[in-house]
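The values are calculated or read from the model by the stated rules, or taken from the named source; none is laboratory data. All of these numbers come straight from a predicted model, not from anything done at the bench. FYI the Cβ positions are ideal-geometry reconstructions off the backbone, even for glycines, and counts take in every protein chain you see. Just so you know, the surface numbers come from the protein's heavy atoms only, side chains and all, with ligands and any DNA or RNA stripped out. Shrake-Rupley method; radii C 1.70, N 1.55, O 1.52, S 1.80 Å.
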Amino acid sequence: MLKLILITLITSLSFGVIFAQSQPTYSLSLQNAIDLAIKENRNILNAKNDIMIAKKQVWETTAIGLPHAKTDLKYQNMVDVPVSLLPAIMVDPNANPDTYIPIKFGQQHSSSFDFSASQLLFSGEYIVGLQASKVFMELSQKAALKSENDVIELVTQSYYGVLLAYKNQKILKATEIDIRKTYEEIQKTFEVGLADETDVAQLELNLLTVTNSIASVKRQITVAENILKYQIGMHISDSIVVTDSLEYIFNSASLQSIMNQTFDINKNIEYQMLQTQKAISELSLKREKSTFLPTLSAFYAHSVSGQTNNFDDYFNGSQKYYQSNIVGAGLTWDLFSSGSRYVKVQQAQLDLDKVKNQDYILQQGLSFQVHQARTDLINAYETYLKEEKNTLLAEKIYRRSLIKFSNGLISSNELTQVNIQYFNSQSSYYMAMVNVLTSKAILDKILGNNL
């Protein structure tokens with residue numbers, strides 16, 4: 001029994017190793033991550049499905065105005081043929097007027113075949129509905145584009161988050177190396193009685209703190225990577241390696257060109273969607289007005305029927321059939337509706353007025369957002385330049401402080417403060433880079449640039 005358990009356990013572990021080895025590792029540049037998100041993100045896939053649904057709805061609406069045909073084949077067996085009572089005098093003039101005789105009307109077996117076709121010739125409501133369905137499909141396409149832009153923005157921000165976490169880890173590891181080196185030196189000096197025990201304890205505390213911070217940032221990297229995988233649409237169990245560096249992305253950003261770019265509101269996707277919504281509201285008003293017009297249609301009907309009391313007549317060729325053909329046209333015109341149609345027209349007009357007000361609000365809001373986004377980008381870039389200088393100065397101070405501490409010119413507490421200052425300056429520097437890139441992405445989105 002124990003042998004069987006061991007074999008089962010070893011087999012399970014082997015399969016686990018094979019499965020882990022079979023899991024793919026995705027090397028993702030920022031562009032690779034965006035391209036993969038466009039293929040895998042479920043929100044984008046749903047938006048594409050909405051486009052397909054809209055296309056089907058266009059055809060559904062179009063089919064209303066195309067020829068329609070149907071057939072109907074029936075057979076009836078009247079087990080008991082209906083009986084009616086007729087005055088006997090209709091058969092025998094000498095019969096008592098109050099006397100009735102039973103008469104069967106119809107025959108036991110009957111069959112019929114009907115075929116009809118119809119064609120809508122004119123309907124104002126149909127014409128407008130067809131136009132509206134095409135505009136609705138256009139709205140679905142724009143909504144899909146907006147969904148794609150939103151996903152790209154989220155993936156980009158998540159990618160920045162991973163890179164920033166990696167930078168913090170790199171800073172902490174470099175700091176750990178410096179502190180460990182200094183700690184080992186002061187430990188040796190203490191052992192020969194040339195250093196204070198407090199300095200040794202302080203550096204040991206610093207080393208422990210930075211070690212814990214490295215463990216913490218490692219967990220932050222895992223969270224950041226999971227967020228990126230989630231935004232892309234990948235499985236959380238998939239392995240990824242980001243290949244772009246924060247510096248590369250930052251240096252590739254065209255900040256000057258976007259700062260000088262003229263704002264064309266027609267390129268903004270939200271404005272485009274609102275214009276399409278306005279077109280739908282205009283067509284809705286037009287459709288309500290079209291209900292005052294008549295509807296004209298044409299039709300053709302063909303029918304064949306036969307009756308008999310002998311079921312075999314259907315098979316021996318003696319059954320007689322009678323046919324009829326009808327061609328016609330119809331005009332339907334709702335002349336009076338007690339004002340309901342007029343009220344619907346008023347409602348549609350009010351809805352259109354609301355969309356026009358939203359148009360004005362959006363134009364003003366986008367103009368303000370462009371100005372605000374440009375200001376935020378300028379402020380972010382100025383902060384970046386300041387942090388760039390700060391981190392260079394902080395590094396100089398830190399390197400000199402390490403030398404001073406080795407020579408006994410400053411205490412461990414002073415070195416700790418300088419170390420914290422250096423770490424914070426580097427973190428602020430890379431955060432400033434991310435803020436610049438984020439501000440640029442926001443401005444790009446408002447300007448309608450491809451993200």
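General remarks:
- Single residue of LYS188, LYS134 found to be part of a helix (DSSP H, G or I), open to solvent by 80 Å² or more (accessible area, probe 1.4 Å), free of Cβ contacts under 8 Å to residues at least 24 places away in the same chain and more than 30 Å from GLU247 (Cα to Cα): LYS188
- ASP150 passes every criterion in (1) surrounded by fewer than 20 Cβ atoms within 10 Å (Cβ to Cβ); (2) more than 30 Å from LEU274 (Cβ to Cβ); (3) at pLDDT 90 or above apart from (2).
- The numbered conditions (1) open to solvent by less than 30 Å² (accessible area, probe 1.4 Å); (2) in contact with a Phe, Trp or Tyr (Cβ under 7 Å, 6 or more places away or on another chain); (3) among the small types (Gly, Ala, Ser) are all true for SER305 except (1).
- Test: GLN57 is touching a helix residue (DSSP H, G or I) at 6+ places or on another chain (Cβ under 6 Å), polar (S, T, N, Q), modelled with pLDDT of 80 or more and assigned to a helix (DSSP H, G or I): yes
- Condition met for VAL155 (of a type outside the set (D, E, K, R) and exposed (fewer than 15 other Cβ atoms within 10 Å of the Cβ)): no
- Search result, residues across segment 361-373 that are of a type outside the set (A, V, I, L, M, F, W, C), under 14 Å from GLU270 (Cβ atoms) and either open to solvent by 90 Å² or more (accessible area, probe 1.4 Å) or free of Cβ contacts under 8 Å to residues at least 40 places away in the same chain (or both): GLN364, GLY365
- Test: residue in segment 316-335 that is open to solvent by 90 Å² or more (accessible area, probe 1.4 Å) and touching a Lys or Arg at 6+ places or on another chain (Cβ under 9 Å): no
- None of GLU282, GLU288 is within 27 Å of SER133 (Cα to Cα), open to solvent by less than 60 Å² (accessible area, probe 1.4 Å), out of contact with any His (no Cβ under 7 Å at 6 or more places or on another chain) and among the charged types (D, E, K, R) except GLU288.
- Residue in segment 117-125 that is at negative phi, surrounded by 18 or more Cβ atoms within 10 Å (Cβ to Cβ) and either part of a strand (DSSP E or B) or among the acidic types (Asp, Glu) (or both) present: yes
- Checking each residue in segment 374-401 for being hydrophobic (A, V, I, L, M, F, W, C) and either buried (at least 18 other Cβ atoms within 10 Å of the Cβ) or under 30 Å from LYS440 (Cβ atoms) (or both) picks out LEU377, ILE378, ALA380, LEU385, LEU392, LEU393, ALA394.
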